[in-house]
Amino acid sequence: MGLVDASINPPTGSCGEVLRAARRLGFTAVAVPVESAGECTGQETGDAPRVYRRGYVEASTRREVRRAVDSLFRSVDFIVVKPLTLEAARYAAASKRVHMIRVDGSNLWAADRGTAEIMSQRGWGALEVSLKPLTLDPGSPSAWRVLAVALRRSFAYGVHVFLVSDAARAHELWSPYSGASVAALLGVPWDQAMLYFSEERLRILQEASRS
């Protein structure tokens with residue numbers, strides 16, 4: 001199974017270092033902001049991970065989601081929207097051009113039954129949940145609570161999740177096995193937890209958005 005960290009964010013000059021570390025951890029692919037794609041795709045040599053271009057949008061209204069997504073769609077491989085309101089969350093869940101909805105402590109309400117039902121009607125979709133808060137403070141009760149709620153709700157509602165590191169440096173990467181272990185600790189079956197890093201699942205979303 002191909003393994004992807006669907007969000008890394010290396011600063012200028014650090015992409016090669018982060019890609020080499022990602023390969024050592026077992027990743028076959030990573031995704032970077034479209035602004036970093038030029039430098040990072042230039043590092044795709046030998047057995048370096050494949051680099052995807054990710055588009056990221058924070059939006060409060062349907063119009064903001066639509067305008068941002070329309071401007072990004074042809075220049076990226078997939079699009080992630082962080083909704084700031086329920087209106088934006090519902091629209092993003094229904095839009096065929098949105099591949100994932102970003103959920104964190106500020107919009108945990110977006111990981112609800114309504115989002116799951118809309119994605120189910122559409123036939124595909126996923127949540128994106130970052131492990132970065134645990135990287136920054138492994139003992140943070142709030143970071144553990146947010147992760148637990150997001151993963152347990154999504155699993156109960158049948159919504160796929162991508163766990164991402166948001167790593168800026170090599171030491172901030174999570175191995176897919178460590179990330180899956182955290183998900184399993186919080187109640188997600190191991191075989192499902194490993195799919196939270198599946199490159200094949202990412203490709204399924206990409207194909208669905210083009211159909």
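The values are calculated or read from the model by the stated rules, or taken from the named source; none is laboratory data. Please read these numbers as outputs of a predicted model, since none were measured by experiment. Neighbour counts run over all protein chains shown; Cβ positions are idealised from the backbone, glycine included. Surface accessibility is based on the protein's heavy atoms, side chains included, excluding ligands, DNA and RNA. Shrake-Rupley method; radii C 1.70, N 1.55, O 1.52, S 1.80 Å.
Probe radius 1.4 Å, ligands and nucleic acids ignored: give me the carbon and sulfur share of the accessible area of the chain as a rounded percent.
50
Calculate the length of the line joining the C-alpha centroid of the stretch 111-141 to that of the stretch 152-171, in whole Å.
6
Run the numbers on the stretch 159-211 and let me know its relative contact order in percent, using alpha-carbon pairs under 8 Å that are six or more apart.
Answer for the stretch 159-211 is 33 percent.
How big is the antiparallel share of DSSP beta bridges in the chain, given as a percent to the nearest 5?
Restricted to the chain, the bridges split so that about 5 percent are antiparallel.
For labels at Leu136 and Leu186 in the simple 7 Å Cα→Cβ model, what's the distance in nm?
Here the answer is 1.6 nm between the modelled labels.
Are there any helices in the chain, counted as whole DSSP H runs, that stretch 20 Å or more along their axis by Cα and score at least -0.5 on average by Kyte-Doolittle, and if so which?
Counting only whole DSSP H runs, the qualifying helices are 141-157.
If I take every Cα pair under 8 Å that is 6 or more residues apart in the chain, average their sequence separation and divide by the length, what percent do I get for the relative contact order?
Computed value for the chain: 22 percent relative contact order.
Working out 0.36 nm times the residue gap between Leu86 and Arg50, then minus their Cα-Cα distance, what length gain in nm do you get to one decimal?
Here the segment from Leu86 to Arg50 would lengthen by 9.5 nm.
Taking amide hydrogens as modeled 1.01 Å from N in the peptide plane, which residues meet the under 5 Å criterion relative to Arg50, leaving out close sequence neighbours?
Ala29, Val30
With loop defined by DSSP as not H, G, I, E or B, and exposure as at most 16 other Cβ atoms within 10 Å, which is the longest segment of the chain clear of exposed trypsin sites (Lys or Arg not before Pro)?
Of all site-free stretches, the longest is 1-95.
Testing the spin-label approximation: label points 7 Å from Cα along Cα→Cβ at Ala148 and Glu200. State their distance in nm.
3.2
Could you give the distance between the Cα centres of the stretch 87-109 and the stretch 24-73, to the whole Å?
Each part reduced to its Cα centre gives a spacing of 17 Å.
Would you mind getting the accessible area per residue of the chain, heavy atoms of the protein chains only, 1.4 Å probe, in Å²?
Using a 1.4 Å probe on heavy atoms only, each residue of the chain averages 44 Å².
Can you tell me the FRET efficiency between Trp124 and Asp70 if r is taken as the Cβ-Cβ distance and R0 is 25 Å, rounded to the nearest 0.05?
FRET efficiency, Trp124 to Asp70: 0.80.
Could you please put Ser198, Ser75 in sequence from largest to smallest accessible area, using a 1.4 Å probe?
Most to least solvent-accessible, the answer reads Ser75, Ser198.
Return the long-range amide H neighbours of Val161 (sequence gap of 5 or more, or a different chain), with a cut-off of under 5 Å between placed amide H atoms.
Those lying under 5 Å, H to H, from Val161 are Leu127.
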